[in-house]
Amino acid sequence: MRKKIVAGNWKMNMNKAEANALFNDINGFEIPEGINVVVAPPSLYLTQFAVTNSKLKLASQNVSHEMNGAFTGEISAEMLSSIDLTYSIVGHSERRAYNGENDKLISKKIDSLLSYNLTPIYCCGELKSDRESENHENVVETQIKEALFHLSNDQISCIIIAYEPVWAIGTGLTASAKDAQQMHAHIRIVIAKKYGSDIAENISILYGGSCKPENAKELFSQSDIDGGLIGGAALNADSFKEIIYSF
Ligand code: PEP
(Lines give C-alpha, C1' and ligand atoms only; values in the text may rest on other atoms or scores of the structure.)
Protein backbone atom coordinates (compact mmCIF):
# COMPACT_ATOMS: atom_id res chain seq x y z
CA MET A 1 0.00 0.00 0.00
CA ARG A 2 1.16 3.53 -0.74
CA LYS A 3 2.64 5.33 2.24
CA LYS A 4 1.65 8.89 3.07
CA ILE A 5 4.85 10.74 3.85
CA VAL A 6 5.84 14.24 4.88
CA ALA A 7 9.62 14.65 4.70
CA GLY A 8 11.56 17.70 5.80
CA ASN A 9 14.83 18.51 4.05
CA TRP A 10 16.78 20.85 6.30
CA LYS A 11 19.57 21.32 3.73
CA MET A 12 22.63 23.15 5.14
CA ASN A 13 20.75 25.03 7.85
CA MET A 14 20.97 25.32 11.63
CA ASN A 15 23.72 25.00 14.20
CA LYS A 16 23.71 22.17 16.73
CA ALA A 17 21.54 23.93 19.33
CA GLU A 18 18.98 25.05 16.74
CA ALA A 19 18.89 21.60 15.15
CA ASN A 20 18.36 19.90 18.51
CA ALA A 21 15.55 22.27 19.43
CA LEU A 22 13.71 21.70 16.13
CA PHE A 23 14.26 17.94 16.27
CA ASN A 24 12.92 17.76 19.85
CA ASP A 25 9.79 19.65 18.80
CA ILE A 26 9.17 17.30 15.86
CA ASN A 27 9.96 14.19 17.90
CA GLY A 28 7.25 15.33 20.32
CA PHE A 29 4.56 15.74 17.63
CA GLU A 30 1.46 13.64 17.84
CA ILE A 31 1.56 12.34 14.29
CA PRO A 32 -1.83 11.29 12.85
CA GLU A 33 -2.43 7.60 12.17
CA GLY A 34 -1.21 6.52 8.73
CA ILE A 35 1.19 9.43 8.27
CA ASN A 36 4.95 8.88 8.17
CA VAL A 37 7.21 11.79 8.99
CA VAL A 38 10.82 11.95 7.83
CA VAL A 39 13.47 14.46 8.80
CA ALA A 40 16.67 14.91 6.77
CA PRO A 41 19.05 17.05 8.85
CA PRO A 42 22.67 17.74 7.92
CA SER A 43 24.47 14.36 8.26
CA LEU A 44 26.52 15.67 11.16
CA TYR A 45 23.42 15.54 13.37
CA LEU A 46 22.06 12.14 12.33
CA THR A 47 23.63 10.21 15.22
CA GLN A 48 22.81 12.78 17.84
CA PHE A 49 19.03 12.66 17.40
CA ALA A 50 17.38 9.97 19.54
CA VAL A 51 14.10 9.24 17.80
CA THR A 52 11.45 8.10 20.27
CA ASN A 53 8.42 8.80 18.06
CA SER A 54 7.45 5.60 16.24
CA LYS A 55 6.09 7.56 13.25
CA LEU A 56 9.26 9.59 12.77
CA LYS A 57 12.29 8.42 10.79
CA LEU A 58 15.55 10.06 9.79
CA ALA A 59 17.02 10.46 6.31
CA SER A 60 20.37 11.56 4.97
CA GLN A 61 20.38 14.28 2.32
CA ASN A 62 22.85 12.40 0.15
CA VAL A 63 25.00 9.27 -0.09
CA SER A 64 28.12 8.39 -2.05
CA HIS A 65 27.79 6.23 -5.14
CA GLU A 66 31.02 4.51 -4.08
CA MET A 67 30.92 1.70 -1.54
CA ASN A 68 34.01 2.71 0.50
CA GLY A 69 37.61 3.85 0.22
CA ALA A 70 39.54 7.00 -0.60
CA PHE A 71 36.68 9.42 -1.23
CA THR A 72 37.32 12.35 1.06
CA GLY A 73 34.25 13.98 2.51
CA GLU A 74 31.83 11.29 1.35
CA ILE A 75 29.44 9.11 3.38
CA SER A 76 28.69 5.56 2.27
CA ALA A 77 25.47 3.58 2.33
CA GLU A 78 27.15 1.12 4.68
CA MET A 79 27.83 3.94 7.16
CA LEU A 80 24.23 5.11 6.96
CA SER A 81 23.01 1.58 7.46
CA SER A 82 25.30 1.13 10.46
CA ILE A 83 23.54 3.98 12.28
CA ASP A 84 20.15 2.37 11.51
CA LEU A 85 19.01 5.05 9.12
CA THR A 86 15.84 4.39 7.12
CA TYR A 87 15.85 6.84 4.19
CA SER A 88 18.25 8.77 2.00
CA ILE A 89 17.40 11.59 -0.38
CA VAL A 90 19.15 11.23 -3.74
CA GLY A 91 19.13 13.34 -6.88
CA HIS A 92 18.01 16.57 -5.26
CA SER A 93 18.08 19.36 -7.85
CA GLU A 94 20.58 21.32 -5.75
CA ARG A 95 23.03 18.42 -5.98
CA ARG A 96 22.36 18.12 -9.70
CA ALA A 97 22.99 21.86 -10.16
CA TYR A 98 25.91 22.47 -7.77
CA ASN A 99 27.62 19.07 -7.73
CA GLY A 100 27.09 18.00 -11.31
CA GLU A 101 25.09 14.90 -10.44
CA ASN A 102 23.25 13.18 -13.25
CA ASP A 103 20.90 10.23 -13.39
CA LYS A 104 23.64 7.75 -14.26
CA LEU A 105 25.45 8.63 -11.04
CA ILE A 106 22.21 8.82 -9.08
CA SER A 107 21.31 5.31 -10.25
CA LYS A 108 24.53 4.07 -8.62
CA LYS A 109 23.63 5.84 -5.38
CA ILE A 110 20.27 4.11 -5.48
CA ASP A 111 21.96 0.74 -5.99
CA SER A 112 24.27 1.26 -3.03
CA LEU A 113 21.35 2.29 -0.80
CA LEU A 114 19.26 -0.69 -1.83
CA SER A 115 22.15 -3.06 -1.20
CA TYR A 116 21.99 -1.94 2.45
CA ASN A 117 18.20 -2.00 2.64
CA LEU A 118 17.98 1.78 2.84
CA THR A 119 15.04 3.48 1.14
CA PRO A 120 15.97 6.04 -1.52
CA ILE A 121 13.83 9.15 -1.86
CA TYR A 122 14.56 9.85 -5.52
CA CYS A 123 14.09 13.48 -6.61
CA CYS A 124 13.25 14.42 -10.17
CA GLY A 125 11.79 17.49 -11.80
CA GLU A 126 12.00 19.80 -14.77
CA LEU A 127 13.53 23.25 -15.22
CA LYS A 128 11.37 26.29 -15.88
CA SER A 129 12.45 26.27 -19.52
CA ASP A 130 11.29 22.65 -19.88
CA ARG A 131 7.84 23.57 -18.64
CA GLU A 132 7.68 26.68 -20.80
CA SER A 133 8.51 24.60 -23.86
CA GLU A 134 5.97 21.98 -22.73
CA ASN A 135 8.69 19.38 -22.56
CA HIS A 136 8.33 18.79 -18.82
CA GLU A 137 6.74 15.34 -19.02
CA ASN A 138 9.47 14.08 -21.37
CA VAL A 139 12.23 15.45 -19.14
CA VAL A 140 10.87 13.79 -16.01
CA GLU A 141 10.13 10.56 -17.88
CA THR A 142 13.76 10.43 -19.06
CA GLN A 143 15.04 11.07 -15.53
CA ILE A 144 12.90 8.24 -14.16
CA LYS A 145 13.99 5.83 -16.89
CA GLU A 146 17.70 6.62 -16.51
CA ALA A 147 17.78 6.48 -12.74
CA LEU A 148 15.31 3.70 -11.99
CA PHE A 149 14.59 1.43 -14.92
CA HIS A 150 17.52 -0.91 -14.28
CA LEU A 151 15.86 -1.95 -11.01
CA SER A 152 14.01 -5.22 -10.50
CA ASN A 153 10.33 -5.31 -9.57
CA ASP A 154 11.22 -5.83 -5.91
CA GLN A 155 13.73 -3.00 -5.94
CA ILE A 156 11.51 -0.40 -7.62
CA SER A 157 8.83 -1.23 -5.08
CA CYS A 158 11.17 0.09 -2.36
CA ILE A 159 11.66 3.50 -3.97
CA ILE A 160 9.96 6.73 -2.97
CA ILE A 161 9.80 9.35 -5.70
CA ALA A 162 9.74 13.09 -5.04
CA TYR A 163 8.57 15.18 -7.97
CA GLU A 164 10.16 18.58 -7.46
CA PRO A 165 9.85 21.09 -10.31
CA VAL A 166 13.15 22.95 -10.07
CA TRP A 167 11.48 26.31 -10.70
CA ALA A 168 9.37 25.81 -7.57
CA ILE A 169 12.16 24.93 -5.12
CA GLY A 170 12.86 27.71 -2.66
CA THR A 171 11.25 30.27 -4.96
CA GLY A 172 7.83 30.63 -3.39
CA LEU A 173 6.33 29.43 -6.69
CA THR A 174 4.34 26.23 -6.35
CA ALA A 175 3.05 24.00 -9.12
CA SER A 176 -0.73 24.25 -9.12
CA ALA A 177 -2.41 21.21 -7.61
CA LYS A 178 -3.69 20.38 -11.11
CA ASP A 179 -0.24 20.58 -12.73
CA ALA A 180 1.37 18.60 -9.92
CA GLN A 181 -1.34 15.93 -10.10
CA GLN A 182 -0.89 15.70 -13.85
CA MET A 183 2.83 15.05 -13.49
CA HIS A 184 2.37 12.54 -10.65
CA ALA A 185 -0.17 10.65 -12.74
CA HIS A 186 2.25 10.70 -15.67
CA ILE A 187 5.06 9.30 -13.50
CA ARG A 188 2.76 6.52 -12.37
CA ILE A 189 1.87 5.68 -15.97
CA VAL A 190 5.56 5.60 -16.95
CA ILE A 191 6.26 3.17 -14.11
CA ALA A 192 3.16 1.10 -14.88
CA LYS A 193 4.24 0.64 -18.51
CA LYS A 194 7.50 -0.94 -17.40
CA TYR A 195 6.58 -2.63 -14.10
CA GLY A 196 2.81 -3.06 -14.26
CA SER A 197 0.01 -1.12 -12.61
CA ASP A 198 0.11 -2.97 -9.26
CA ILE A 199 3.67 -1.82 -8.63
CA ALA A 200 3.00 1.69 -9.94
CA GLU A 201 -0.09 2.08 -7.76
CA ASN A 202 1.90 1.19 -4.65
CA ILE A 203 4.78 3.64 -5.11
CA SER A 204 4.60 6.80 -3.01
CA ILE A 205 5.14 9.96 -5.05
CA LEU A 206 5.75 13.11 -3.02
CA TYR A 207 5.46 16.68 -4.23
CA GLY A 208 8.22 19.19 -3.44
CA GLY A 209 8.59 22.85 -4.30
CA SER A 210 7.46 25.65 -1.98
CA CYS A 211 4.94 23.36 -0.30
CA LYS A 212 3.66 25.16 2.79
CA PRO A 213 0.69 25.17 5.17
CA GLU A 214 -1.28 27.39 2.76
CA ASN A 215 -1.13 24.96 -0.18
CA ALA A 216 -0.42 21.53 1.34
CA LYS A 217 -4.07 20.54 1.80
CA GLU A 218 -4.95 21.09 -1.84
CA LEU A 219 -1.80 19.35 -3.07
CA PHE A 220 -2.23 16.35 -0.76
CA SER A 221 -5.87 15.93 -1.75
CA GLN A 222 -4.84 15.00 -5.31
CA SER A 223 -5.23 11.32 -6.06
CA ASP A 224 -1.60 10.72 -7.09
CA ILE A 225 0.11 12.95 -4.53
CA ASP A 226 1.12 10.93 -1.48
CA GLY A 227 2.74 13.66 0.57
CA GLY A 228 5.49 16.21 0.35
CA LEU A 229 9.20 16.83 0.46
CA ILE A 230 9.43 20.13 2.28
CA GLY A 231 12.38 22.54 2.36
CA GLY A 232 11.89 26.00 3.83
CA ALA A 233 8.66 25.25 5.67
CA ALA A 234 10.29 22.26 7.41
CA LEU A 235 12.63 24.59 9.30
CA ASN A 236 9.84 25.81 11.53
CA ALA A 237 8.09 23.35 13.86
CA ASP A 238 4.68 25.04 13.57
CA SER A 239 4.57 25.17 9.78
CA PHE A 240 5.96 21.63 9.46
CA LYS A 241 3.28 20.38 11.87
CA GLU A 242 0.55 22.15 9.92
CA ILE A 243 1.76 20.45 6.74
CA ILE A 244 1.74 17.07 8.50
CA TYR A 245 -1.87 17.75 9.49
CA SER A 246 -2.84 18.67 5.92
CA PHE A 247 -3.91 15.19 4.79
C1 PEP B 1 13.38 20.98 -1.41
O2 PEP B 1 14.48 21.49 -1.24
O3 PEP B 1 13.28 19.76 -1.61
C4 PEP B 1 12.21 21.86 -1.39
C5 PEP B 1 11.08 21.38 -1.81
O6 PEP B 1 12.42 23.14 -0.93
P7 PEP B 1 11.29 24.26 -0.70
O8 PEP B 1 10.15 23.60 0.03
O9 PEP B 1 11.96 25.30 0.13
O10 PEP B 1 10.89 24.75 -2.04
(message) Can you give me the % of accessible surface on the chain that is carbon or sulfur? Probe 1.4 Å, all protein chains present, nothing else counted.
(response) 49 percent
(request) Please list, in chain and number order, the residues 5+ apart from Gln61 or on another chain whose amide H is under 5 Å from its amide H, with Hs placed from the backbone. (result) Ser43, Ile89
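Multiply the residue separation of Leu44 and Ser221 by 0.36 nm, subtract the distance between their alpha-carbon atoms, and state the gained length in nm to one decimal.
Length gained, Leu44 through Ser221: 60.2 nm.
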(request) Would you mind calculating the gained length between Lys178 and Lys104 on full extension (0.36 nm times residue separation, minus the Cα-Cα distance), in nm to one decimal? (result) 23.6 nm
(request) For Ser82 and Asn68, calculate 0.36 nm times their separation in residues minus their Cα-Cα distance, and state this gained length in nm to one decimal. (result) 3.7 nm
(request) For segment 15-31, just list the computed ³J(HN,Hα) in residue order, Karplus coefficients 6.51, -1.76 and 1.60, θ = phi - 60°, integers in Hz, with x standing in for Gly and Pro. (result) 7, 4, 5, 5, 5, 4, 5, 5, 4, 4, 4, 5, 4, x, 5, 8, 8
(message) Using a 7 Å offset from Cα along Cα-Cβ at Asn153, what residues in segment 170-192 end up with backbone N under 18 Å from the label point?
(response) 189-192
(message) Using only the Cα atoms of the chain, what semi-axes does the equivalent ellipsoid have when each is the square root of 5 times a gyration tensor eigenvalue? Give whole Å, largest first.
(response) 25, 22, 17
(message) Using the Karplus curve 6.51 cos²θ - 1.76 cosθ + 1.60 with θ = phi - 60°, what ³J(HN,Hα) values do you get for each residue of segment 61-70, in whole Hz, with x for Gly and Pro?
(response) 8, 6, 8, 6, 7, 8, 7, 5, x, 7
(request) With a probe of 1.4 Å, find how much accessible area segment 9-157 has per residue, and write the answer as a whole number in Å². (result) 50 Å²
(request) Per residue of segment 166-178, in order, report the coupling 6.51 cos²θ - 1.76 cosθ + 1.60 (Karplus, θ = phi - 60°) as ³J(HN,Hα) in whole Hz, putting x for Gly and Pro. (result) 4, 5, 9, 7, x, 9, x, 8, 10, 5, 5, 4, 5
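The values are calculated or read from the model by the stated rules, or taken from the named source; none is laboratory data. Computed from a predicted model, the values in this text were never measured in an experiment. Cβ: placed from backbone, ideal geometry, glycine included. Neighbour counts: every protein chain shown. The protein model used for the area step is the full one, side chains on, heavy atoms only, and it has no ligands, DNA or RNA in it. Shrake-Rupley method; radii C 1.70, N 1.55, O 1.52, S 1.80 Å.
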